[in-house]
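Q: First, the structure itself, so that you have it in front of you.
The values are calculated or read from the model by the stated rules, or taken from the named source; none is laboratory data. Here the structure is a predicted model, which is why all the values come from computation and not from measurement. Note that we place each Cβ from the backbone using ideal geometry, even for glycine, and neighbour counts take in every protein chain shown.
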Amino acid sequence: MNQKPLHVLLVEDDDDHAELIKRAFETENYPVAIHHAINLAEARRLRQTTQPDLLIVDFLLPDGHGTELLPRHLDERSVPVIIMTSHGDEQIAVEAIKAGALDYIVKTPMSLLEMPAFVERAMREWGHILEWRQEKENAAWFSRILDKTHNEIFVFDAKTYNFVLVNQVGRDNLGYSMAELRHMSCLDICPDYTTDSFAELLYPLQNGETESVQYTAVHQRRDGSTYPVEVYLQPSQFQAAPVYVAIVLDISERLKREEQMRQQDRLVSVGQLASGIAHDFNNIMAVIILYTQIVERSSDLSEKDRQRLQTVVEQASRAAELIEQILDFSRSAVLERHVIELAPFLKELIKLMQRTLPENIRITFQDETATCKINADTTRIQQMMINLMLNARDAMPEGGDLRVMLRAKTFQPGDALPMTEMEYGRWAHIIVADSGSGIAEEIQSHIFEPFFTTKHRGQGTGLGLAQVYGIVKQHDGAIQVDSRPEEGTTFHIYLPLQTPDETFTNFSRDVTELAMGNQETILLVEDDEATHEALAHSLKLLNYRLLLAHNGKEALRLYEQSQQIALIISDIVMPEMGGLDLVRALRQKQVDTPVILLTGHPLTNELDDLSDDNLPIKLVQKPVTLPQLANLINQALQI
């Protein structure tokens, strides 16, 4: 029996029945404090003031039925209730039990004297109800906590592997309801494991070797699709039964980022190799073009020989264009940046491409921006877009749809970035989508590599997308491809929205007539012997006097010995002292002689702060033609 008094509210209008009940508790020495009410109104008042542990209520009272003291819903019960009825009211008592009463008694002198036993039984039952309610509340609280996590959490039976609980994230990812999952085991969503292999995985937990296990797997959704996961598993108990609790991380994005990083590293390595090759090719092509154009101007050439030399220059120029593509890929090309309002720029470019692409390809442009300005090299961005649209054309030999879209995106800290190399901030988002043949998943990681192509021999160099990649990267952007075979291809290009910075300009305009010199003295600094001689012959042909140096140190000595130097033409990468260090040394001497830097080598950010009003600098990518060189020098000497 209970040690402390049980507070009982007795609601009975018959005094004799009330006395029998009180006497029964006294006879049994049952520790009880009885508060007596004779009607519903008094019962409600005493219930508020005494806070009883139990109600013993007669069904028929002067002002109503005792069941009115029961709550409307079972879950709202706060105290146990025993209903007393007279003979013939048993059906009413049964309805009272359904409404929430824990017991009922048909009133007889004998049954009233056994009231302590009825009370003891009711209190035991109420204790079970409170335990069940607490477990239910704990489970609900546990479920609410689990539903707030970002990871999938599974609780499954340790013997049958059947699901006991799956949080909202897990249900959403799998596409099943909790009612469906209760009839499934964890093996039903994990096709990589059998009963035996899963038991082997759990063996270290079962024999106490470890407290948890970690493994990777593939989970299968209701629609049959799969996704990679990383699982942290440990044994536990739930409602007194042994279970396993699995915290499941969807690692799709992580694997995607890791693959992006591996691809970035691979492309950087290829880019370094490509840039080194381009440097050597540029020097070779510079010698070929300059010497050919020098010979071409000889007066004793036949017309046929002159045409042959022109063919040599044309083919060398085509080779130079290939080198330029390689330099774009390796992010080494010289950029001439301007502020570009992308929407009108793309509209004009699309008009041009509509006249170029086959009529069975429909081009549409969708602009979702109010303004979208980038700081970029117009020629390079145009080349990037042309390459992408030509690539789309080749993927749609029978015609199709080509869509170009422009959006402005802002990524705040905490937002998911589309690609790992991107940073938070404002971005221009260009989308180029076609309805063509698509790209197989196994080759998507290679499409930006130079010379990689799926076209037949003679139909492409494999440099188009490589050049696109390099142009995007040199503009501090990011590019991503989304494609499936026969479902088309979509390229996503992100370029930072930014204000213009001062940059060096690239001289690229060619002219037929040579701008001749007037015997001005030029200091030529070049370490490659063949290039050195070709440039020297070209400058003499253009009527300039020369001082020749093979590196920056020689150039500085010559500059100090001569006061008549009108211009310095220097390579950038040389032994002992390169062109950049030469410019720094000249700046320290506060000289105002203009400088032309020629390079076939990857450029660096060190160029960004070298030019000023006192030391004007022009930067030109090798190979340079004889007319370009002539005009470039003429412009520099007029500054």
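Q: Residues that are assigned by TED's automatic domain parsing to the domain that holds residue 406, over 27 Å from the mean Cα position of the chain (by Cα), surrounded by 15 or more Cβ atoms within 10 Å (Cβ to Cβ) and in a loop (DSSP other than H, G, I, E, B): does segment 368-376 have at least one?
A: No, every residue in segment 368-376 fails to be assigned by TED's automatic domain parsing to the domain that holds residue 406, over 27 Å from the mean Cα position of the chain (by Cα), surrounded by 15 or more Cβ atoms within 10 Å (Cβ to Cβ) and in a loop (DSSP other than H, G, I, E, B).
Q: Let me ask something else about it. Between a residue in segment 574-590 that is outside the structural domain of residue 526 (by TED's automatic domain parsing) and any residue that is buried (at least 20 other Cβ atoms within 10 Å of the Cβ) and of a type outside the set (Val, Ile, Thr), which pairs come within a Cβ distance under 7 Å, given they are 6 or more apart or on different chains?
A: From residues that are outside the structural domain of residue 526 (by TED's automatic domain parsing), there are no pairs.
Q: Just to verify a result, which residue in segment 166-176, among those that are at pLDDT 90 or above and not in a helix (DSSP H, G or I), is farthest from the chain's Cα centre (by Cα)?
A: Out of the qualifying residues, it is 176.
A quick yes/no check of all residues on (1) modelled with pLDDT of 90 or more; (2) touching a Ser or Thr at 6+ places or on another chain (Cβ under 9 Å):
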site	(1), (2)
513	no, no
521	yes, yes
532	no, no
546	yes, yes
553	yes, no
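Q: Only one residue in 81, 106 is within 21 Å of residue 25 (Cα to Cα) and touching a residue at least 24 places away in the same chain (Cβ under 8 Å). Which one?
A: Testing whether each residue is within 21 Å of residue 25 (Cα to Cα) and touching a residue at least 24 places away in the same chain (Cβ under 8 Å) leaves just 81.
Q: Of all residues being farther than 26 Å from residue 255 by Cβ and hydroxyl-bearing (Ser, Thr, Tyr) in segment 186-219, which is surrounded by the fewest Cβ atoms within 10 Å (Cβ to Cβ)? Just the residue, please.
A: 195
Q: I'm trying to understand the selection: among the residues of segment 191-209, which are of a type in the set (Phe, Trp, Tyr) and either modelled with pLDDT of 90 or more or over 17 Å from residue 236 (Cα atoms) (or both)?
A: 193, 198
Q: Collect the residues in segment 98-141 that are part of a helix (DSSP H, G or I), modelled with pLDDT of 85 or more and of a type in the set (A, V, I, L, M, F, W, C), keeping them in residue-number order.
A: Across segment 98-141, the qualifying residues are 110, 112, 113, 115, 117, 118, 119, 122, 123, 126.
Q: With respect to the numbered conditions (1) free of Cβ contacts under 8 Å to residues at least 60 places away in the same chain; (2) farther than 25 Å from residue 128 by Cβ, which one is the sole condition not fulfilled by residue 27?
A: Tallying (1) free of Cβ contacts under 8 Å to residues at least 60 places away in the same chain; (2) farther than 25 Å from residue 128 by Cβ, residue 27 fails exactly one: (1).
Q: Within segment 51-66, identify whether any single residue is surrounded by fewer than 19 Cβ atoms within 10 Å (Cβ to Cβ) and in a helix (DSSP H, G or I), and answer yes or no.
A: Within segment 51-66 (the criterion being surrounded by fewer than 19 Cβ atoms within 10 Å (Cβ to Cβ) and in a helix (DSSP H, G or I)), the answer is no, since none of the residues qualifies.
Q: Please state which one of 547, 556, 535 is outside any helix (DSSP H, G or I) and surrounded by 18 or more Cβ atoms within 10 Å (Cβ to Cβ).
A: 547 is the lone residue from the list that is outside any helix (DSSP H, G or I) and surrounded by 18 or more Cβ atoms within 10 Å (Cβ to Cβ).
Q: Taking the condition of being surrounded by fewer than 14 Cβ atoms within 10 Å (Cβ to Cβ) and among the charged types (D, E, K, R), how many residues in segment 395-420 meet it?
A: The total comes to 2.
Q: Could you tell me whether segment 69-90 includes any residue that is part of a loop (DSSP other than H, G, I, E, B), closer than 20 Å to residue 123 by Cα and touching a Ser or Thr at 6+ places or on another chain (Cβ under 9 Å)?
A: The answer is yes, given that some residue of segment 69-90 is part of a loop (DSSP other than H, G, I, E, B), closer than 20 Å to residue 123 by Cα and touching a Ser or Thr at 6+ places or on another chain (Cβ under 9 Å).
Q: Name the single residue that is surrounded by the fewest Cβ atoms within 10 Å (Cβ to Cβ) among those in segment 9-50 being in contact with a Pro (Cβ under 6 Å, 6 or more places away or on another chain) and among the charged types (D, E, K, R).
A: Filtering first and then ranking leaves 13.
Q: Here are some residues: 490, 461. Which one is among the polar types (S, T, N, Q) and at pLDDT below 80?
A: 461
Q: Suppose we keep only residues that are touching a Lys or Arg at 6+ places or on another chain (Cβ under 9 Å), part of a loop (DSSP other than H, G, I, E, B) and not polar (S, T, N, Q) within segment 589-638. Which one would you say is modelled with the highest pLDDT?
A: Checking each candidate, the answer is 594.
Q: Next up: So is residue 275 crowded, with 17+ Cβ neighbours inside 10 Å and either modelled with pLDDT of 75 or more or in the same structural domain as residue 626 (by TED's automatic domain parsing) (or both) or not?
A: yes
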